[in-house]
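Chemist: My questions will all concern the structure given below.
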Amino acid sequence: MSGTGRLTVLHVVANRWWTGSAEPVLRLVLGLQARGHRVLLALAAGDRFESKAREAGIQPVGDLRLDVKSGPAVILRDAQRIRSLVTRERVDVVHAHHSHDHWLGWWGRGTAALVRTFHNERSVRLAWPDRALYRRTHALVAVSRRIEGRLRKARVRRERLHRSDGVVDTARFASDAAGAAKIREEFGATGVPLVGCVARLAAGRGHEALIDGFRLLSAELGVARLLLVGKGERRDALEGLVKRLGLERRVLFAGYRDADLPAVLGALDVFALLGAGSDESCRAALEAMAAGRPVIAARVGALPDAVVHGETGLLVDEPSPAAVTASLARLLSSPAEARAMGEAGRRRALALFTPERHAAAMEALYLQTIGRLRAAP
């Protein structure tokens, strides 16, 4: 660490896709840079994570594979290159985000502090040798209370365990009335209630319950539309379900949206998310809150931490069609309540989930961890 308190931080991320850990890590890297720190980003090259990093002005560290399917020789080479990088660049903190890069970071950290963020519950392993790795890690960060609870089961020491709120680019999701109107026109939803979900079309995301619950809405809400945003391996199956239920005119598939996602969210009256996905900070819900949309959410991942029941949206204990129907009916039949929840969600996002707040919290964690490490005998 320099005499001015400027840190050199190396983020190691064995991920090449623009999903899961990718966007939260990129937001953190940019936030730490804005606070004056020097940040290096090592990622699995060759796909959208790399391109998004470059678009943001970040040049990823080269010559690292970070591929979990690599053979022993490649993994050893990565570990050696991380150790060389840490020494050469005088890295203060090595921050890992997956099990593969956690092991590489432990081997290559030298005298740097080792930090690990857990982005989903299943990545926390309770047996040896992972528990031994956790004991040798100076700070462990959970993005949800469920992950925090599982880390406690792994007997992580209390002083090393930390909870982190999710992060979302709140400025990007400010109101865009003109863009929202174009989205409604594109999908033939002008002047009718519009419910939306942004999630990969994959198993375990709750699309079936959402579609079935939407079907059961009362006759007076029968003009409503459901917009499913995302791509994935279950699209054909979900389209088949929609056809069998006779909902082809009311349930619409938008495909993957990126550049116009703020406009898509701004077009919605209600946002619904019934599964956590690979990033259990549930960024899609945070984006909807930042866009001022009320959120209907299952009690999974960090959704119960982010959504305040009855204030910024509604939580369903069990994502059954009946529970979904009741929540949708309440918000769609009371636009004023839905708008108030959306406005409260926007305020909550600005208070808790901004990149600036997240970077400040991580900076404080790094400094605390380095101080504790240096004070140890």
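Conditions tested, residue by residue: (1) of a type outside the set (Gly, Ala, Ser); (2) in a loop (DSSP other than H, G, I, E, B); (3) open to solvent by 40 Å² or more (accessible area, probe 1.4 Å).
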{"position": "227", "(1), (2), (3)": "yes, no, no"}
{"position": "246", "(1), (2), (3)": "no, yes, yes"}
{"position": "268", "(1), (2), (3)": "yes, yes, no"}
{"position": "276", "(1), (2), (3)": "no, yes, no"}
{"position": "304", "(1), (2), (3)": "yes, no, yes"}
{"position": "324", "(1), (2), (3)": "yes, no, no"}
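Chemist: Report yes if residue 328 is buried (at least 19 other Cβ atoms within 10 Å of the Cβ) and part of a helix (DSSP H, G or I), otherwise no.
Modeler: Yes, satisfied.
Chemist: Across the range 21-39, what is the number of residues that are of a type in the set (S, T, N, Q) and free of Cβ contacts under 8 Å to residues at least 60 places away in the same chain?
Modeler: As a first pass, look at the range 21-39 and keep what is of a type in the set (S, T, N, Q): 21, 33.
Filter once more, keeping what is free of Cβ contacts under 8 Å to residues at least 60 places away in the same chain: 33.
Count: 1.
Chemist: Closer than 24 Å to residue 353 by Cα and loosely packed, with under 14 Cβ neighbours inside 10 Å: is that true of residue 27 in this structure?
Modeler: So residue 27 does not fit the description; no.
Chemist: Out of the helices (runs of 4 or more DSSP H) lying entirely within the range 77-180, which hold 1 or more residues that are surrounded by fewer than 22 Cβ atoms within 10 Å (Cβ to Cβ), over 24 Å from the mean Cα position of the chain (by Cα) and free of Cβ contacts under 8 Å to residues at least 24 places away in the same chain?
Modeler: Here the list reads 130-135.
Chemist: Could I ask something else about it? Checking residue 204 against (1) touching a helix residue (DSSP H, G or I) at 6+ places or on another chain (Cβ under 6 Å); (2) closer than 27 Å to residue 300 by Cβ; (3) of a type outside the set (Lys, Arg), only one condition comes out false. Which one?
Modeler: Of (1) touching a helix residue (DSSP H, G or I) at 6+ places or on another chain (Cβ under 6 Å); (2) closer than 27 Å to residue 300 by Cβ; (3) of a type outside the set (Lys, Arg), only one is false for residue 204: (1).
The values are calculated or read from the model by the stated rules, or taken from the named source; none is laboratory data. The structure displayed is predicted, hence computed values, not measured ones. Glycine gets a Cβ as well: all are built from the backbone with ideal geometry, and neighbour counts include every protein chain shown. Ligands, DNA and RNA are excluded from the accessible area calculation, which covers all protein heavy atoms including side chains. Shrake-Rupley method; radii C 1.70, N 1.55, O 1.52, S 1.80 Å.
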